[in-house]
Each structure stands twice: as structure tokens, then as C-alpha cells.
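Each value in this text was obtained by applying a stated rule to the coordinates, not by laboratory testing. Here the structure is a predicted model, which is why all the values come from computation and not from measurement. No Cβ is skipped: glycine too gets one built from the backbone with ideal geometry, and neighbour counts run over all protein chains shown.
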Amino acid sequence: METESFIPRENDSSIWTEKYRPDKFEGLVGQDEIVNKVQGLTKAMNIPHLLFAGPAGTGKSTLALIVVKELFGDTWKENYLELNASDERGIDVVRQKVKDFARTKALGNVPFKVIFLDEADALTKEAQQALRRTMENYTKTCRFVMSCNYSSKIIDPIQSRCVIFRFKLLEKKDIEKRIKFIAEREKLQLSDATIEAIYEASEGDCRRTINLLQASASISPSITSELIQTLVAGAKPAEIKIVLEYALSGDFLRAKEKLLDVMLKESISGTDVIKSIQKEVWNLQIEDELKVRLTEKTGEIEFRLVEGSDEFIQLEALLASFVLAGKGV
Amino acid sequence: MRLPLIEKYRAASFSEIKGQDLAIQDIRDFFESFPKKRAIILNGAVGTGKTSMVLALAKEYDLELFELNASDLRNKSSLEAVLKPSTQQSSLFQKGKLILMDEADGITGSDRGGVSELIRLIAETQFPIVITANDIWQKKFSPLRQKCKIINLKELDESVIREILYGVIDKEGKKLSQETFDLIVKKSQGDARAALNDLELALNLGEGEFINELSEREKRDDIFNVLKNVFQAPTDLGIVRAYDSVHMDLNEISLWIEENIPLEYKGEALVKAYDALSKADIFKGRIYRQQHWRFLVYQNFFLSAGISSATKVKYNKFTKYQKPSRILKIWLANQRNAKRKSVMGKCARLCHMSKKKMMKEAFLMPFILSELGDRDKARLDLDEKEAAYIEDKKVSLILANGLNRFRV
């Protein structure tokens with residue numbers, strides 16, 4: 001069977017994203033070229049700083065974990081520090097933690113420890129500058145593996161100190177393989193149509209795929225595409241559509257209230273809201289020319305949000321444009 | 001039912017109206033010489049006794065009072081009912097009528113023709129008409145002024161306000177410290193109604209609480225007036241200084257504007273106003289990021305001139321401005337979401353993810369977390385409330401989406 005090549009060592013986790021997280025290079029799907037190169041570097045027992053760039057759920061954290069497990073074997077936990085740039089408040093915390101961790105020598109044969117800095121693109125430019133100095137100071141005792149969605153958000157001096165690997169979005173066949181593999185282990189029944197639905201819903205994100213699979217399985221071992229769609233629809237800010245409908249019908253006050261309600265109830269961020277607005281605009285029952293203009297406005301508002309403007313005020317300004325569009329203006 | 005002091009002690013006759021002796025003589029002359037002039041305008045600031053004077057007039061001459069407002073002017077049938085000569089239903093006991101057009105300032109631009117309707121009414125009326133106004137010298141009233149006798153009521157002297165308050169406190173059998181008493185008098189600025197309302201508040205709340213309330217109200221009054229000015233008044237050069245007198249910073253004002261734009265503007269004006277507000281917000285962001293405080297000028301400009309110029313159609317209407325509700329709603333939501341955050345935070349650690357990413361999976365996790373093995377449960381280390389959150393969330397997701405129909 002072809003699945004033989006990626007049998008993961010099953011650990012005892014009952015969370016499937018962990019249970020089926022590959023811990024051998026062979027287990028990682030869809031990134032063959034990267035895996036080959038990184039495996040080569042790891043075998044030499046000496047790795048440079050690494051920068052993994054790519055979309056969510058394509059194997060960046062998994063590969064980092066595989067690297068340290070290969071390097072350190074059973075002592076990997078003592079020699080590995082995982083930091084999340086988006087969770088740690090400020091570069092000072094990062095620096096202090098790095099310092100504390102790097103102060104002691106690595107255990108075992110490998111002369112360095114490994115720090116995995118997840119979502120490094122969440123750090124501001126200033127924080128990245130400070131991080132760069134930290135990297136230099138501890139270069140003898142530490143290697144950094146960093147992950148990010150966009151390498152363009154990482155400053156050049158850091159990029160030039162790292163070997164960069166660009167992860168591809170997983171292809172349908174890779175995701176399909178993974179789903180079938182897990183389904184077999186967990187004794188799930190699902191049709192090709194269901195697999196298709198899962199793939200559609202998770203957009204090439206393997207983590208989302210597996211979470212979706214496990215959540216569905218908790219309802220029924222026989223998973224239909226309708227179950228998948230219902231689960232996903234319940235979570236998407238589908239209500240954003242209602243907000244837009246209110247606005248288009250001219251009822252600004254209700255649109256505004258509903259927006260606040262949706263955002264607060266599910267703590268959805270302004271950028272998530274604007275993403276679904278952007279997707280929704282094209283499906284609206286209005287003139288194409290208006291759709292183009294509204295999309296332009298949506299892009300402008302998204303830009304302002306990224307810049308750090310107040311999400312409620314900016315989104316309300318956008319909704320006001322929809323009110324006008326509803327009148328065909 | 002307990003009457004508010006302002007009604008309980010409203011002057012019942014001319015002799016009880018304080019400080020307006022000249023005006024009272026004028027209004028008597030007008031009525032006794034009717035129809036030499038058919039209408040009279042009582043012009044004066046709020047709380048100077050205009051309405052009391054009309055009520056006293058009706059009482060003194062035993063007249064039936066008919067009150068009109070701006071919208072009645074446009075409504076022929078209700079007008080005719082008032083104007084119909086009493087001869088048609090004459091009776092020995094038929095009272096004379098007095099027509100009161102209260103607060104003529106309320107006749108607005110959108111009420112175009114309101115003034116000329118009123119003039120037509122004056123020409124036809126069989127009964128004396130009294131018009132009250134705060135500022136009859138506005139341009140739109142110029143044709144009206146020619147048809148009427150104008151009586152100006154001056155603001156009440158402090159001594160008159162004192163006299164009124166003493167009388168009421170005495171009749172109520174209450175006591176008040178000299179400081180509070182003086183404060184009420186000062187604050188009233190010659191407005192007897194305001195003074196009596198404050199007195200009532202002070203007697204009901206207790207004096208300490210009353211003083212707190214006053215400072216709060218001052219802030220509110222401030223912002224209400226300024227909002228009305230910014231939204232409704234014609235945009236003039238002074239508009240950029242609109243917020244100078246308000247004891248709030250621009251960010252708080254911006255919340256007030258945000259809350260109240262949809263109560264004032266519709267359509268294109270609404271869009272323009274939000275556009276201005278969003279631009280003010282952009283500059284606010286730039287101030288914070290770059291610490292470049294000069295940008296305040298632009299934040300202020302968009303909040304004042306930007307909002308004001310969103311519409312060219314100016315009007316004068318009463319809007320019940322709402323307090324900003326967003327901050328409170330966010331706070332409440334954070335309280336509600338605190339459990340989810342802490343659960344997802346713990347779960348993120350277990351799955352080698354950031355909390356932020358984990359929050360995006362939050363809609364799936366209740367299903368997964370509710371079936372954890374013992375070892376994972378121990379590692380997750382949830383407290384009781386967090387564990388209960390997961391179960392609650394799972395059940396509500398199942399119910400809300402009708403997931404039970406998928407069970408085999």
C-alpha cells in the first residue's frame with residue numbers, strides 16, 4: 001500500500017492534529033523538495049537558521065518539530081523552545097526567554113539548542129531588529145527556526161541570516177491521502193463527495209482538515225458532505241451576509257448593530273470580517289460596476305485596518321457605502 | 001401622583017408671576033385692544049415665564065386655550081376646528097378662545113411655508129393668538145414680526161430666582177444649605193424652570209449626590225449642544241472650534257459622533273459623515289504610531305468641519321442623542337468570551353500553535369475537546385468552569401445547527 005511511506009508513530013494524544021502529526025521526514029506530505037533539503041542539513045547534525053514561509057496548515061511547525069526530534073532524539077524537549085510571536089507581549093519577553101534558555105549548554109552531542117519562533121511576521125520591524133541582535137549574540141549556542149506566512153514581512157537582515165524555505169499550499173491529492181489515512185485508522189465512513197467537501201472547506205489547510213474531520217467524527221462515524229457543510233456554515237461569519245443585506249436595504253442602524261453583535265459574540269476580528277465582506281460582494285444582487293467600486297472601497301478599508309485604524313469606525317464607514325450602493329448610487 | 005415642583009408651583013395668575021411687570025402690562029393691553037393687533041409674540045429665553053404668562057392670561061379672562069404646533073399648521077382640518085367661529089354652536093356659556101403657538105422656533109426649513117401659514121392664520125383668526133419664541137429675530141420670522149406686537153421678556157434677575165426658590169422651599173417645608181442654594185441660583189442663569197428642576201433634584205437626591213450629578217450633566221449638556229451644532233447648524237468658519245468648550249478629548253467625542261451619525265443623517269450624508277469620521281480615525285492612528293501630535297489638527301478638522309459639511313441641507317430638530325454604547329458592549333463581550341480565550345490558550349500550548357490561530361479553530365474545538373483522553377485532560381488542565389464551557393458550547397453548537405440529525 002502506498003500509505004506505508006508515511007506511517008507516523010502514533011502517539012497517545014486524543015487530539016488528532018497531534019496524534020497524526022508526522023514525526024518522521026517521510027511522513028510529511030506535499031513538500032518533498034523542502035523535506036529532502038532539510039533532511040540533508042539535519043543529517044550533518046548542524047543546521048543553519050531556518051525560515052519557513054507559507055500558508056497555514058502546510059507543515060511548517062511539523063517540520064520544525066521533526067528536525068529537533070531527529071537532532072536530539074529523546075532529549076528534544078530539553079533542547080527546544082517554542083515561542084509564539086503573536087502571543088508573547090513585546091520583544092523584551094522574547095529576548096528574556098531566549099536568554100534564559102540559551103544560557104545553559106545543550107544536552108547530548110549537538111552543540112546548540114533550537115528555538116522555534118512561530119509567526120515571526122507578527123513582530124514589528126523594531127522588534128525584528130532587536131531579534132536580529134539576539135540571534136547574533138547567541139549564535140554559538142542557539143539556532144533559530146522561524147515560521148511566517150509572508151517572508152516579505154521579515155526584515156532583510158534576518159532573511160539574509162536564514163536559509164529560506166517556501167512551503168506550497170497542499171494539493172488536493174495530498175489532503176485526500178491524509179483524510180483517507182486517518183479515516184481508515186479511526187474507522188470512519190466517508191464518500192469521495194465528503195472528502196471533496198472537506199477539502200473545499202479547509203482550503204488546503206491540513207490542520208483545519210483534521211480538526212474538521214475529528215469534530216465531524218464526534219457527531220457520527222459516518223460523515224456526509226452535508227454534515228461538513230453544516231459545521232462550517234455554523235462557524236463562518238455567514239451572518240456578515242445579513243449585515244450587508246441590511247445595509248443594502250438602507251437600514252443602516254440595524255446593519256451597524258448586527259455587525260457589532262457578530263464581531264463581539266464570536267470575537268471575530270475586523271480583518272476577518274473584511275475578508276468575508278470581500279468574498280461576499282461579488283455574490284450580491286447589484287450592478288457589476290457597483291461591485292467593483294465596493295471592492296475598491298473594501299480594499300481601502302482593509303488597508304486602513306492593517307495600518308492599525310479603529311476597526312468599528314472603519315467598517316461602519318464601509319457599511320455606509322453599502323447603504324448608498326443599495327440605492328443604486 | 002406627585003406633581004413636579006415646576007407644575008405644582010406654576011404661577012396661577014399675573015400677580016404670581018415675578019419680575020415681568022412691564023410685560024404683563026403689555027399683554028393686558030394687547031388682549032383688551034384686540035383685534036387692533038391679532039397676534040402677539042412673547043420673545044424671551046427659556047424659563048422666563050412665557051408659558052406661565054399665557055396660562056395666567058387665559059385664567060384671568062376665562063379663556064379656553066388652544067395649543068398649536070408646527071405640524072398643525074399644515075393640517076387644514078385641525079386648524080378649521082380651532083378657527084370655526086363659535087357662533088355656529090353658540091351658547092350662553094361659550095368661552096372665548098385663546099390660541100397658543102408655542103415655541104415658534106420649531107418651525108423649520110423642512111417645514112417650508114410654515115411661517116406663511118401662520119401669517120395666513122393671523123389674518124383670518126377670530127381669536128387672539130399668542131406666539132412664544134426664544135429668538136424671534138431670526139431672518140425667517142421677519143414677515144411674521146410685521147404682523148405682530150412683540151413683547152420681550154428679560155431674563156430673570158438673581159434676586160427674582162431667589163425669591164421664587166425661597167417661596168417653594170418654604171411651602172414644601174424643606175431645608176437647603178446656603179452653598180447648594182447659591183449654586184442652584186448661579187447655575188440657573190435667570191431660568192426659573194431650570195432652578196426649580198434643580199431644586200427638586202437636590203431635595204430628592206440629597207445635596208452631595210446632587211452636586212455630582214450637576215457636573216455630569218454639565219458634561220452631557222455640553223456634548224448635546226455641540227453635537228446639535230455640528231450636525232444641524234450651517235457649516236461656518238467657527239465650526240473647527242466646536243469642541244473647544246467640551247470637557248472631553250477627541251477620542252471620546254469621536255465615539256459620540258459614531259453613535260449618533262445614523263440618528264441624524266441618511267443616504268449620501270450618512271456616507272459622507274462616516275467617511276469624515278473614518279478619516280479622523282486614520283489621523284488618530286497616525287498620532288499614536290508616530291507620536292506626531294500635530295495630526296490632532298486633522299483629527300479635529302474631520303470630526304467637526306468634516307461631519308458638519310456632510311450635508312448642505314440644514315435643519316433644526318430635536319434629536320435624542322445616545323450615549324456611546326460600544327465600549328460597554330465590548331467590555332461585556334470580553335467578560336463573556338473570557339472562558340473561551342482561556343480554554344483556547346491552554347489548548348494552543350498542547351497543539352504547538354499560537355492562541356490567535358487556535359481562536360480560528362474555536363468553532364471545532366468543543367467537539368474535539370469534549371472527548372479527550374485522560375492524559376490529554378491532565379495536560380490541558382482545565383478548571384471546572386472551563387470544562388463546563390466546553391460542554392455548553394458543544395451543546396449549543398449542536399442545537400443551533402441541528403447537528404443531531406446527522407447522528408446515526
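How many percent of Cα pairs in region A:14-83 exceed 21 Å? Write out the running numbers ahead of the final one.
Values: 516 of 2415 pairs.
Value for region A:14-83 (Cα pairs over 21 Å): 21 percent.
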Semi-axes (Å, rounded, descending) of the ellipsoid equivalent to chain A per its C-alpha gyration tensor are 40, 28, 16
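Share of Cα-Cα pairs in region B:121-231 beyond 18 Å, in percent? Numbers along the way, then the final one.
Numbers: 3895 of 6105 pairs.
In whole percent, the long-distance tail amounts to 64.
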Of the candidates B:351, B:68, A:137, the farthest towards the positive dipole end of the protein assembly as shown (Lys/Arg Cβ +1, Asp/Glu Cβ -1, centred on the Cα centre) is A:137
Listing A:141, A:104, B:51 by rising number of other beta-carbon atoms within 10 angstrom, fewest first, gives A:104, A:141, B:51
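Among rounded, prolate and oblate, which fits region B:158-220 when a ≥ b ≥ c are the square roots of the eigenvalues of its C-alpha gyration tensor, a/c under 1.5 means rounded, and a/b larger than b/c means prolate? Don't skip to the answer; put the middle values down first.
Details: a/c = 1.93, a/b = 1.25, b/c = 1.55.
It comes out oblate by the Cα gyration axes.
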For residue B:323, the lysines lying under 16 Å Cα to Cα, once residues fewer than eight places off in the same chain are dropped, come out as A:256, B:219, B:228
Once both label points are put 7 Å beyond Cα along the C-beta direction, the residue B:266-residue A:150 separation in nm becomes 4.1 nm
Rounded to the nearest 10 degrees, the helix A:225-235 long axis (Cα) sits at an angle to the longest Cα principal axis of chain A of 80 degrees
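In whole percent, what relative contact order does chain B give with Cα contacts below 8 Å and a gap of six or more residues? Please list the in-between numbers first.
Values: 439 pairs, mean separation 57.4, N = 408.
So the answer I get is 14 percent.
Based solely on its DSSP helices, what 222 nm [θ] is calculated for chain B when runs of n ≥ 4 H residues each add -39,500 (n - 2.57) and the sum is averaged over all residues, nearest 500 deg cm²/dmol? Please list the in-between numbers first.
Values: 19 runs with 228 residues, N = 408.
Per the formula, -17500 deg cm²/dmol.
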Between the Cα axis of helix B:326-350 and the main Cα principal axis of chain B, the angle (0 to 90°, nearest 10) is 0 degrees
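So, with +1 on the Cβ of K and R and -1 on the Cβ of D and E, and no other charges, what is the size of the charge dipole of chain A about its Cα centre, to the nearest 20 debye? Let's see the in-between values first.
Numbers: 47 positive and 52 negative charges, 268 e Å.
Dipole magnitude for chain A comes out near 1280 debye.
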Quick calc: nm separation of the 7 Å Cα→Cβ label points for residue A:241 and residue B:252 -> 4.3 nm
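Rounded to the nearest 500, what is chain A's calculated 222 nm mean residue ellipticity when only DSSP H runs of at least 4 contribute -39500 (n - 2.57) each, over all residues?
Numbers: 15 runs with 184 residues, N = 329.
For chain A, the value works out to -17500 deg cm²/dmol.
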Expressed in nanometres to one decimal, the distance between label points 7 Å along Cα→Cβ at residue B:326 and residue B:375 is 4.9 nm
Shape call for region A:31-166, from the Cα gyration tensor axes a ≥ b ≥ c (a/c under 1.5 means rounded, otherwise prolate when a/b beats b/c, else oblate), comes out oblate
Using alpha-carbon coordinates alone, the radius of gyration and Dmax of the protein assembly as shown in Å work out to 36.7, 120
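So what is the relative contact order of region B:158-220, in percent, for Cα pairs below 8 Å that sit 6 or more residues apart?
Values: 28 pairs, mean separation 21.3, N = 63.
The normalised contact order for region B:158-220 reaches 34 percent.
For chain B, what does the convex hull of the Cα positions come to per residue, in cubic angstrom? Walk me through the intermediate numbers first.
Details: hull volume 111.2 nm³, N = 408.
In chain B, the Cα hull volume divided by residue count equals 273 Å³.
Which values, in whole Å and largest first, are the semi-axes of the equivalent ellipsoid of region B:223-308 obtained as the square root of 5 times each eigenvalue of the Cα gyration tensor? Show your work: numbers first, answer last.
On the way: eigenvalues 80, 42, 25 Å².
Its equivalent ellipsoid spans semi-axes of 20, 15, 11 Å.
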Rounded to the nearest 10 degrees, the helix A:192-202 long axis (Cα) sits at an angle to the longest Cα principal axis of chain A of 90 degrees
If exposed means chymotrypsin sites (Phe, Trp or Tyr not before Pro) lying in a DSSP loop and surrounded by at most 13 other beta carbons within 10 Å, then the longest stretch of chain A lacking such sites spans residues A:1-149
Listed residues A:240, A:175, A:115; largest mean-square fluctuation, Gaussian network over chain A with Cα springs below 10 Å, found at A:240
One finds, for residue A:186 and residue B:319 with R0 = 51 angstrom and r their Cβ-Cβ distance, a FRET efficiency to the nearest 0.05 of 0.25
Excluding residues fewer than 8 positions from residue B:37 in its own chain, the aspartates and glutamates with Cα under 14 Å of it are B:26, B:29, B:124
Farthest towards the positive end of the dipole of chain B, among B:389, B:51, B:15 and with Cβ unit charges of +1 on Lys and Arg and -1 on Asp and Glu, lies the Cα of B:389
Inter-part gap, Cα centre of region A:26-62 to Cα centre of region B:136-203, in whole angstrom, is 82 Å
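Are any of the pairs A:177/A:279; A:291/B:272; A:265/B:357; A:275/B:346; A:177/B:357 more than 21 Å apart by Cα-Cα distance, and if so, which?
Exceeds cut-off: A:177/A:279; A:275/B:346; A:177/B:357.
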If unit charges are put on Cβ atoms (+1 for Lys and Arg, -1 for Asp and Glu) and the dipole of the protein assembly as shown is taken about its Cα centre, the option from A:51, A:83, A:250 lying farthest towards the positive end turns out to be A:51
Beyond 21 Å (Cα-Cα) in this structure, taken from A:60/B:356; B:18/B:320; A:77/B:360; A:37/A:168; A:77/A:99, we find B:18/B:320; A:77/B:360
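With the Cα gyration tensor of region B:337-406 in hand, give its eigenvalues times 5 under a square root as the equivalent ellipsoid semi-axes, listed largest first in whole angstrom. Intermediate values should be presented prior to the final figure.
On the way: eigenvalues 79, 37, 27 Å².
Value: 20, 14, 12 Å, ordered largest first.
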Rounded to the nearest Å, the spacing of the alpha-carbon centers of region A:116-181 and region B:1-32 is 82 Å
